[in-house]
Amino acid sequence: MESKRIKAQLWDNMQYYFHEYNDATMRWATFYNGTFDIELLKKAAVSVIEKFPIVNSKFIPAPIKAYWKRYPTIDIEQFFEFFTTTEATHRAAVLEYISKGRDPRKGRPIRIAVFRKDENGVQNDCLVLHFSHLVADGSGFTLFMRALSDTYNHMAVNPNYTCKYEMGNRDYKQFYKYLSKEECVRAKQMTNYRHEKNERLKLPIESYRPEFQKRILTHTVEGFGAIRKYCKAHGFTFNDVILAAYLIALMKHVRFEEGQSLAIDCVLNLRRYMPQDMEINFCNLVSKIKVSLGNDLGATFHDTCKLVHEFMDRTKNDLGGLGGLTLLNLMDRIFPFAIGKILIKIFYQNPYIGVSNIGKVEYKTVTFNGLNPVDLIVTGAMKYAPYMMLSLVTFGDSIYFTLPIACSDNDLKIFQDILDDVSSHLEEFAK
């Protein structure tokens, strides 16, 4: 008999440990210029879920070892919701829905919803995927969406088609086998995985209280191609430019304290250490690097881009993202799950400010049998103030920014100003 348990991996547990700082939920909302065949969508979802059994499971934070407990059957009604809206309420209804977190301890870690807008008899749908971050990162999230669109598209022609994608390897250590022997030795000796106390400048805002409203702030920037041309001309990466714009925007708002400097957590996909043509696996395979340039960013935007690029180059040459993973893995293997949470609080200084480039969205990932996307909202986890994380994806010639935040009404303007400021720097390239 197939096991009804799925082992919880290190990053599944880490996402759970940090649920006091964020809601560990990822969101994906794609707005279309037409409507889905709802029954076909449900049928395709069942086929995908059969190949991704962890999403038909419940997270059990057992005292010794956490695990995922599979439900005996796939009940699509436990995964799917349908709503009707109007032109005036459509986007607001979607944003309100996705602003809520998903707790995998209380049920399945994924929800699929369709919001159908009716405007004078013309109907258009928005497809929402609501994911617990415990099951996968942004790349894994994209894999699930690609599997759903592929299965839906093929089933429209062949009702007997079954999902060709599957979870794959969920072990966070899978990338190690692609490192050289020397790199492995060096990586396992890297033990620093924390921000120093003098690198924890933060925004002058109230700390989270349960009554704070949860919001998803969004901004779309056109001109990705123009930014790429600028990067190529000056030897920068796209992430260099994003980080430069973010740092400049933040420096207008952070509260400066003597001897302290601004540092940002930059989410890093560890798949970078694996062959580029490998199939993506449905798991958490990300780490972070600390971007710390001090408080002098130069006189111009170009100066800041140059400083970021030089810093990131040094990080890339030093096995970026691998610092401290050996200690985290040792803690995960030796100590009971309940003790691990206590140790993380003692030894890990959670950074206040982060950024996550979730990646490029391929057209085939979001196309459903003739339905063409007209807008996207893709987010990482929602942080609780004073923590914050800016998320982005690229699709076509557009950059879709989101800033999911739980903060006071009085502090909302600070976050909106930062998002607008980041976007304004990049919009200069499109003029």
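Test of understanding: among Lys4, Lys51, which residue is surrounded by fewer than 23 Cβ atoms within 10 Å (Cβ to Cβ) and either under 29 Å from Val366 (Cα atoms) or not charged (D, E, K, R) (or both)?
Selected residue: Lys51, the only one of Lys4, Lys51 that is surrounded by fewer than 23 Cβ atoms within 10 Å (Cβ to Cβ) and either under 29 Å from Val366 (Cα atoms) or not charged (D, E, K, R) (or both).
Only residues that are under 22 Å from Pro53 (Cα atoms) and of a type in the set (Ser, Thr, Tyr): list them for the stretch 91-132, please.
Within the stretch 91-132, Ser132 is the sole residue that qualifies.
Looking at Glu182, Glu211, can you tell me which residue is in a helix (DSSP H, G or I), open to solvent by 40 Å² or more (accessible area, probe 1.4 Å) and either without any contact (Cβ under 8 Å) to a residue 40 or more places away in the chain or among the small types (Gly, Ala, Ser) (or both)?
Glu182
Of everything in the stretch 289-319 that's part of a loop (DSSP other than H, G, I, E, B) and out of contact with any helix residue (DSSP H, G or I) (no Cβ under 6 Å at 6 or more places or on another chain), which residue is modelled with the lowest pLDDT?
Checked the stretch 289-319; the qualifying residue modelled with the lowest pLDDT is Asn317.
Which condition number in (1) in contact with a helix residue (DSSP H, G or I) (Cβ under 9 Å, 6 or more places away or on another chain); (2) open to solvent by 10 Å² or more (accessible area, probe 1.4 Å); (3) modelled with pLDDT of 95 or more; (4) not in a strand (DSSP E or B) is the one that Asn158 fails?
In the conditions (1) in contact with a helix residue (DSSP H, G or I) (Cβ under 9 Å, 6 or more places away or on another chain); (2) open to solvent by 10 Å² or more (accessible area, probe 1.4 Å); (3) modelled with pLDDT of 95 or more; (4) not in a strand (DSSP E or B), Asn158 misses (1) alone.
Consider Phe59 carefully, then state whether it is farther than 17 Å from Cys283 by Cβ, of a type outside the set (Gly, Ala, Ser) and surrounded by 15 or more Cβ atoms within 10 Å (Cβ to Cβ).
no
I'd like to check something: does the stretch 141-154 contain any residue that is closer than 30 Å to Val48 by Cα, modelled with pLDDT of 95 or more and open to solvent by 50 Å² or more (accessible area, probe 1.4 Å)?
yes
Return the residues of the stretch 161-170 that are surrounded by fewer than 19 Cβ atoms within 10 Å (Cβ to Cβ) and not acidic (Asp, Glu); say none if nothing qualifies.
Across the stretch 161-170, the qualifying residues are Tyr161, Thr162, Lys164, Gly168, Asn169.
Being under 17 Å from the mean Cα position of the chain (by Cα) and free of Cβ contacts under 8 Å to residues at least 60 places away in the same chain is the filter; apply it to the stretch 270-298 and report the residue that is surrounded by the most Cβ atoms within 10 Å (Cβ to Cβ).
Among them, the one singled out is Ser287.
Could you give me the residue pairs with C-beta distances under 8 Å whose first residue belongs to the stretch 353-375 and is more than 22 Å from Leu40 (Cβ to Cβ), whose second residue is open to solvent by less than 60 Å² (accessible area, probe 1.4 Å) and acidic (Asp, Glu) wherever it lies, and which are 6+ apart or on separate chains?
Ile353/Asp265; Gly354/Asp265; Val355/Asp265
Scan the stretch 405-423 and tell me whether some residue there is open to solvent by less than 10 Å² (accessible area, probe 1.4 Å), farther than 15 Å from Ala245 by Cβ and under 18 Å from the mean Cα position of the chain (by Cα).
yes
Which helices (runs of 4 or more DSSP H) does the stretch 1-100 wholly contain that include 2 or more residues that are over 30 Å from His154 (Cβ atoms)?
Details: elements: 10-17, 38-51, 90-98.
The helices (runs of 4 or more DSSP H) meeting that bar are 10-17, 90-98.
Could you run through the stretch 101-116 and say how many residues are part of a strand (DSSP E or B) and of a type outside the set (Val, Ile, Thr)? Before you say what the answer is, go through the steps one by one.
If we filter the stretch 101-116 for residues that are part of a strand (DSSP E or B), which is where we start, we get 110-116.
This time we only want the ones that are of a type outside the set (Val, Ile, Thr), so: 111, 113, 115-116.
Result for the stretch 101-116: 4.
What pairs come up if the first residue lies in the stretch 67-96 and is closer than 15 Å to Pro109 by Cβ and open to solvent by 70 Å² or more (accessible area, probe 1.4 Å), the second is assigned to a loop (DSSP other than H, G, I, E, B) and modelled with pLDDT of 95 or more, and their beta carbons are under 9 Å apart, counting only those six or more places apart or on different chains?
Between residues of the stretch 67-96 that are closer than 15 Å to Pro109 by Cβ and open to solvent by 70 Å² or more (accessible area, probe 1.4 Å) and residues that are assigned to a loop (DSSP other than H, G, I, E, B) and modelled with pLDDT of 95 or more, the close pairs are Gln78/Tyr71; Gln78/Arg108.
For the stretch 243-269, which positions are touching a residue at least 60 places away in the same chain (Cβ under 8 Å) and in a strand (DSSP E or B)?
Correct list: Ala263, Ile264, Asp265, Cys266, Val267, Asn269.
Just to be sure, is Arg314 free of Cβ contacts under 8 Å to residues at least 60 places away in the same chain, out of contact with any strand residue (DSSP E or B) (no Cβ under 9 Å at 6 or more places or on another chain) and more than 30 Å from Leu247 (Cβ to Cβ)? Step through it out loud before you land on a result.
Details: free of Cβ contacts under 8 Å to residues at least 60 places away in the same chain: yes; out of contact with any strand residue (DSSP E or B) (no Cβ under 9 Å at 6 or more places or on another chain): yes; more than 30 Å from Leu247 (Cβ to Cβ): no.
Here the answer is no, as Arg314 does not meet what is asked.
Looking at the stretch 20-33, which of its residues are in contact with a Leu (Cβ under 9 Å, 6 or more places away or on another chain) and open to solvent by 10 Å² or more (accessible area, probe 1.4 Å)?
Within the stretch 20-33, Phe31, Asn33 meet the criteria.
Can you tell me which condition Asn239 does not meet? The list is (1) open to solvent by 20 Å² or more (accessible area, probe 1.4 Å); (2) in a strand (DSSP E or B); (3) of a type outside the set (Ser, Thr, Tyr); (4) at pLDDT 95 or above, and all the others hold.
Single failed check for Asn239: (2).
Output the number of residues of the stretch 341-400 satisfying the condition of being farther than 22 Å from Leu129 by Cα and either part of a loop (DSSP other than H, G, I, E, B) or open to solvent by 30 Å² or more (accessible area, probe 1.4 Å) (or both).
Qualifying residue count, the stretch 341-400: 15.
The values are calculated or read from the model by the stated rules, or taken from the named source; none is laboratory data. Since this is a predicted model, take the numbers as computed values, not measurements. Note that each Cβ is placed from the backbone with ideal geometry, even for glycine, and that neighbours are counted across all protein chains shown. Areas reflect the complete protein model, heavy atoms only, side chains present, ligands, DNA and RNA absent. Shrake-Rupley method; radii C 1.70, N 1.55, O 1.52, S 1.80 Å.
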